[in-house]
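Working notes, beginning with the structure itself.
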Amino acid sequence: MENPRPFVVHVVDDDEAVRDSMRALLESHGLEVRDYASARAFLIGTPLQVTGCILLDLHMPGMTGLELLDTLRARGSKLPVIAFTGRSDSALKERVVRAGALALLDKPVADDMLLCSLARALSLAECSQWLGAR
């Protein structure tokens with residue numbers, strides 16, 4: 001079996017301070033991070049067959065996080081997604097889970113909650129990559 005590609009955490013959020021904060025936290029835990037200021041920037045800058053997971057803000061101008069998630073699933077992407085928002089309700093949570101996200105976290109996201117959700121997402125990504133290589 002060939003060497004697997006490294007896992008990358010893709011942070012998609014229109015708020016530069018949030019991206020910077022998440023990058024600092026994740027890199028301090030040895031993770032590779034790429035960040036994007038919009039859903040469109042993610043789609044333009046990322047090949048379909050990436051590894052890792054996405055940390056996705058739902059409320060962004062232009063293409064929303066939910067629209068990005070729907071687009072990815074329509075294209076066959078199985079990349080684990082952890083969504084987050086500053087404006088959550090039960091209908092949104094249900095919609096996000098139906099769209100295939102692993103979790104919906106409320107901003108501000110506690111570091112330990114984010115890291116635990118991320119560990120789950122990367123574990124699923126690793127399993128998917130291993131199964132895909134067989």
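The values are calculated or read from the model by the stated rules, or taken from the named source; none is laboratory data. Keep in mind the model is a prediction, meaning the values are calculated, not measured. Using ideal geometry, Cβ is built from the backbone for each residue, glycine included, and neighbour counts are taken over all protein chains shown.
Observations
- Residue satisfying all of: in the range 109-134; surrounded by fewer than 16 Cβ atoms within 10 Å (Cβ to Cβ) and in contact with a strand residue (DSSP E or B) (Cβ under 9 Å, 6 or more places away or on another chain); nearest to P47 (Cα to Cα) among these: L124
- Filtered residues of the range 108-134 (kept if at pLDDT 90 or above and over 16 Å from C53 (Cα atoms)): P108, V109, A110, D111, D112
- Of the helices (runs of 4 or more DSSP H) lying entirely inside the range 4-121, those containing at least 3 residues that are in contact (Cβ under 8 Å) with a residue 40 or more places away in the chain are 16-28.
- Only one of the numbered conditions (1) among the small types (G, A, S); (2) in contact with a helix residue (DSSP H, G or I) (Cβ under 8 Å, 6 or more places away or on another chain); (3) at negative phi is violated by S128, and that is (2).
- Filter pass, A24 being surrounded by 16 or more Cβ atoms within 10 Å (Cβ to Cβ) and either touching a strand residue (DSSP E or B) at 6+ places or on another chain (Cβ under 7 Å) or more than 22 Å from E126 (Cα to Cα) (or both): no
- Selection within the range 75-92: residues that are of a type outside the set (A, V, I, L, M, F, W, C) and either touching a His at 6+ places or on another chain (Cβ under 7 Å) or closer than 14 Å to L56 by Cβ (or both). The member of this set that is modelled with the lowest pLDDT is S88.
- Taking the listed residues L72, L31, L66, L55, the one that is closer than 16 Å to P108 by Cβ, of a type in the set (A, V, I, L, M, F, W, C) and either surrounded by 14 or more Cβ atoms within 10 Å (Cβ to Cβ) or touching a strand residue (DSSP E or B) at 6+ places or on another chain (Cβ under 7 Å) (or both) is L55, with no other qualifying.
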